[in-house]
Amino acid sequence: MEDFAAELAANGIDVVQQLNAQWYNEYVAAEGLQQLSPLPTYGRTTTTTLLLGNSRALWPVFLGWLSSQPEPENLKDPLDTFLKSSIVDVVARFCGTTAYDIHWPWESGERLVSMQRVATACGMCYHDGETQLSIHPRFGAWLAFRAVVVLDAPGLDCPPPERLGCLLSEREKAAAREAMAAALRASDEVNLCSQLHGVKGMERDVRLAWAALRDCVELGRDERYSDAQLTYHYTKEQAVLLQAMREHRARYAVATSLFASKASELASERGEGLLFKSSKRADT
Ligand code: B12
């Protein structure tokens, strides 16, 4: 499991939480949420399930991947493409011949999984009714869910963990209530789904209003997404993304040249001609 988590983290998916599918199924049944189908259990009494998500750590990895694409400006839905291909690839390698099923946050109908309820059922996050966000003890409101993977394998041999208690103070809740009302006022309430999760992305004032709601949560403020990440998540504007990619490339180039000059400085201090000397030594 550690190798699997490390590989996902290398792809920017730095939050991996194991649970049993049955914990989620029992929770949504107890809440009477009939619109949510149970997760598959493969006929087992406990079934290994993984909730995958990311913090701000995703952004530089994603920009690195984007820079390596032959025509980044011509990619359709680059973030979803990157996430889907990395998750599918790592999960397929990890599972080998074991059957599995990946649920994505954008699926609907019988395939709809409430990612927030999964996070609550496994005790990873507190679901806050004022912000309608899952709050993580470390990342606060700055966490997104990317997939739920169910494997045909026995799960954890223990009861579900305790649900996390409230992580917000009364002051934060009051601020969130106001911010939610302001965000709803700034939005087109009839078309909330297409405006907030649609292909087009949010207008500037709408985006700022929803970001202000997240800012009401004090926990995890240091984990806030960078301005570029936040703006891109909300607006999906290609210009924002390409600019961030160019800045990332420039930072990477500076870091690489600093590293190279430091390495050659150290080598000359030791009287070594960096690559030639060491390859000669390997030959002898
Ligand atoms: C539909 C949806 C919405 C709808 C909810 C409206 C509604 N009442 O149906 C709208 C369009 C308003 C919305 C908005 C946003 N969402 Co949304 N949304 C979803 C989605 C795709 C499905 C939720 C669902 O229908 N669950 C099924 C029901 C039966 O289960 P439930 O647990 O009872 O779900 C309810 C709550 O999720 C609640 N809810 C969730 N968000 C919001 C926002 C508002 C304003 C309200 C009133 C209710 C509400 O409404 C759901 C239906 O009653 C999930 C992804 C997923 N598959 O879980 C993301 C998800 C919940 N959204 C997310 C985010 C980040 C946002 C936005 C910030 C937009 C964005 N692009 O970043 C905004 C603002 C939310 C905020 N609180 O700040 C994240 C939350 C991450 C977290 N840490 O909690 C999720 C998990 C997506 C993800 N990939 O991570 N969302």
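The values are calculated or read from the model by the stated rules, or taken from the named source; none is laboratory data. The structure presented is a predicted model; accordingly, all values stated were derived computationally and were not measured. FYI the Cβ positions are ideal-geometry reconstructions off the backbone, even for glycines, and counts take in every protein chain you see.
Of 143, 112, which residue is buried (at least 22 other Cβ atoms within 10 Å of the Cβ) and of a type outside the set (S, T, N, Q)?
It is 143.
Being under 17 Å from residue 230 (Cα atoms) and either touching a His at 6+ places or on another chain (Cβ under 7 Å) or not in a loop (DSSP other than H, G, I, E, B) (or both) is the filter here, so list the residues in the range 27-63 that pass it.
Within the range 27-63, 53, 54, 58, 59, 60, 61, 62, 63 qualify.
Can you name the number of the only condition in (1) closer than 30 Å to residue 93 by Cα; (2) at pLDDT 95 or above; (3) within 13 Å of the ligand (Cβ to nearest atom); (4) out of contact with any Asp or Glu (no Cβ under 8 Å at 6 or more places or on another chain) that residue 154 fails?
(3)
Within the range 188-196, is there a residue that is at pLDDT below 95, surrounded by fewer than 17 Cβ atoms within 10 Å (Cβ to Cβ) and among the hydroxyl-bearing types (Ser, Thr, Tyr)?
Looking through the range 188-196, at least one residue is at pLDDT below 95, surrounded by fewer than 17 Cβ atoms within 10 Å (Cβ to Cβ) and among the hydroxyl-bearing types (Ser, Thr, Tyr).
Counting only residues that are out of contact with any Phe, Trp or Tyr (no Cβ under 9 Å at 6 or more places or on another chain), part of a strand (DSSP E or B) and of a type outside the set (A, V, I, L, M), how many does the range 128-165 have?
4
Could you count how many residues in the range 15-49 are within 14 Å of the ligand (Cβ to nearest atom) and out of contact with any strand residue (DSSP E or B) (no Cβ under 6 Å at 6 or more places or on another chain)?
Adding up the residues that qualify gives 14.
Just one of the numbered conditions (1) surrounded by 13 or more Cβ atoms within 10 Å (Cβ to Cβ); (2) out of contact with any strand residue (DSSP E or B) (no Cβ under 6 Å at 6 or more places or on another chain) is not true of residue 155; which one?
(2)
Of (1) in a loop (DSSP other than H, G, I, E, B); (2) touching a strand residue (DSSP E or B) at 6+ places or on another chain (Cβ under 8 Å); (3) within 10 Å of the ligand (Cβ to nearest atom), residue 168 satisfies all except one. Which?
Failed condition: (3).
Name the residue that is nearest to the ligand (Cβ to nearest atom), counting only residues in the range 98-120 that are assigned to a helix (DSSP H, G or I) and more than 15 Å from the chain's Cα centre (by Cα).
The extreme case among them is 117.
Okay, residues lined up against (1) surrounded by 17 or more Cβ atoms within 10 Å (Cβ to Cβ); (2) within 11 Å of the ligand (Cβ to nearest atom):
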{"residue": "203", "(1), (2)": "no, no"}
{"residue": "206", "(1), (2)": "yes, yes"}
{"residue": "221", "(1), (2)": "no, no"}
{"residue": "226", "(1), (2)": "no, no"}
{"residue": "234", "(1), (2)": "yes, yes"}
{"residue": "237", "(1), (2)": "no, no"}
{"residue": "240", "(1), (2)": "yes, no"}
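Could you tell me whether the range 3-13 includes any residue that is more than 16 Å from the ligand (Cβ to nearest atom), over 20 Å from the mean Cα position of the chain (by Cα) and not polar (S, T, N, Q)?
No - not one qualifying residue is present in the range 3-13.
When the residues of the range 121-132 are filtered to those that are more than 8 Å from the ligand (Cβ to nearest atom) and in contact with a Leu (Cβ under 8 Å, 6 or more places away or on another chain), which remaining residue is nearest to residue 18 (Cα to Cα)?
Among residues in the range 121-132 that are more than 8 Å from the ligand (Cβ to nearest atom) and in contact with a Leu (Cβ under 8 Å, 6 or more places away or on another chain), the one nearest to residue 18 (Cα to Cα) is 122.
Return the residue satisfying two criteria in turn: it lies in the range 9-22 and is touching a Leu at 6+ places or on another chain (Cβ under 9 Å) and not in a loop (DSSP other than H, G, I, E, B), and of such residues it is farthest from residue 225 (Cα to Cα).
Top of the filtered list is 22.
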